[in-house]
Amino acid sequence: MTITITERVFHFRQPAGTSRGIYTERRSWLVEVTDGRRHGLGECAPLPDLSCDALPPHIYKEVLRRFCDEVEQTGQLPLDRLRDYPSMLFGLETALLSAAHATPCDSPAGHPAPGAVLPRLFDTPFSRGEEGIPINGLVWMGRHDEMLRRMEEKLQQGYRCVKLKVGAISFDEELDLVRRIRERFSHREVELRLDANGGFSPDEALYRLELLSQYAIHSIEQPIRQKQWGLMAELCRDAPLPIALDEELIGLNDPEQKRQMLRIVKPAYIVLKPSLHGGIEGCREWISIARDEGIGSWITSALESNVGLNAIAQLCSAVYGPHITMPQGLGTGQLFTDNIALPLAIRQQQLWATDAALTDFV
């Protein structure tokens with residue numbers, strides 16, 4: 001077994017704004033596994049200032065290389081140590097799974113091109129091209145007029161679940177956006193999700209959630225910054241709308257830590273990103289523990305290229321399918337000008353994996 005690492009920088013079509021800053025490019029490390037006959041490809045994509053394994057690029061590559069060397073020698077993932085490097089774990093899991101499901105005649109996964117077979121990780125209706133996965137539309141932060149225009153575009157495209165990033169501009173302007181949506185569409189017509197990325201202060205959070213709740217919000221992700229379990233537990237208890245945890249899950253890699261946090265905070269949902277939350281096995285673990293505690297979940301991508309997006313979508317299909325009804329956060333493939341072409345397409349607000357998608361790349 002041989003593993004090669006290729007560094008790639010992807011460029012956004014337009015700046016992607018969050019309360020933590022603005023992204024204009026995305027750095028990833030592609031890992032290709034081959035035994036000379038079969039090939040597998042995975043993507044390691046930490047988010048700067050957010051991932052628990054977001055190291056300086058040269059150090060990240062050195063650490064990743066050491067793990068790759070170990071996998072080459074043993075043929076096994078050192079899960080006990082990779083838990084603290086979730087983006088590396090996810091990329092290596094993806095590469096090994098896609099290699100295991102490849103056939104000797106498949107084209108090398110490291111060089112996807114029109115006509116290439118979509119790397120398969122799991123045998124599901126989605127990976128076979130039989131079912132699509134419903135997704136939400138995503139509206140990035142920006143000026144009030146920009147966000148309103150983006151929201152109008154998503155609604156015109158037919159999205160009936162829209163996720164709105166909040167917490168960066170004036171809250172009054174964000175509240176106005178929400179009000180305008182509800183003046184045109186009831187909650188039965190459009191499900192509205194919000195993501196604050198920890199942008200509210202603890203002193204103002206409950207008041208803001210009370211104002212938002214009058215507009216029938218499905219949920220809000222991470223209203224305050226993570227690692228404030230007591231304050232977050234109070235919000236989950238007192239807020240008049242459901243709270244979902246996202247950043248709160250980062251760095252919690254031990255099963256008992258996960259269970260303890262969920263029992264203390266008691267959120268309505270958790271939002272899982274394999275690159276941040278423990279790779280494929282870590283997300284499976286989160287979902288199992290959350291179900292035991294009566295907590296819902298869904299999966300989203302974390303600005304990976306199509307290589308990571310494909311893996312996340314197939315994981316989603318494996319853990320929630322078949323016949324997924326809750327919209328997932330998998331509509332990020334159109335963000336880059338120089339994405340890797342794979343047969344993935346968005347049709348009628350669903351993500352599809354099918355050879356027919358080769359003329360309609362995400």
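The values are calculated or read from the model by the stated rules, or taken from the named source; none is laboratory data. This one's a predicted model, so the numbers in the text were calculated from it and none came from an experiment. Glycine gets a Cβ as well: all are built from the backbone with ideal geometry, and neighbour counts include every protein chain shown. Note: areas computed on protein heavy atoms with side chains; ligands, DNA, RNA excluded. Shrake-Rupley method; radii C 1.70, N 1.55, O 1.52, S 1.80 Å.
Data overview
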{"read-out": "Matching residues, region 151-205, being more than 21 Å from Ile133 (Cα to Cα) and among the basic types (Lys, Arg)", "value": "Lys165, Arg179, Arg180, Arg182, Arg184"}
{"read-out": "Cβ-Cβ under 9 Å pairs, at least 6 apart or on other chains, region 122-146 side free of Cβ contacts under 8 Å to residues at least 24 places away in the same chain, far side surrounded by fewer than 16 Cβ atoms within 10 Å (Cβ to Cβ) and among the basic types (Lys, Arg)", "value": "none"}
{"read-out": "Hits in region 172-190 - residues which are open to solvent by 10 Å² or more (accessible area, probe 1.4 Å) and under 30 Å from Gly230 (Cβ atoms)", "value": "Asp172, Leu175"}
{"read-out": "Inter-residue pairs, beta-carbon under 6 Å, first in contact (Cβ under 8 Å) with a residue 40 or more places away in the chain and in region 66-79, second part of a loop (DSSP other than H, G, I, E, B), 6+ apart", "value": "Glu72/Met1"}
{"read-out": "Output for region 233-244, where each listed residue is hydrophobic (A, V, I, L, M, F, W, C) and either surrounded by fewer than 19 Cβ atoms within 10 Å (Cβ to Cβ) or more than 18 Å from the chain's Cα centre (by Cα) (or both)", "value": "Ala233, Leu235, Cys236, Ala239, Leu241"}
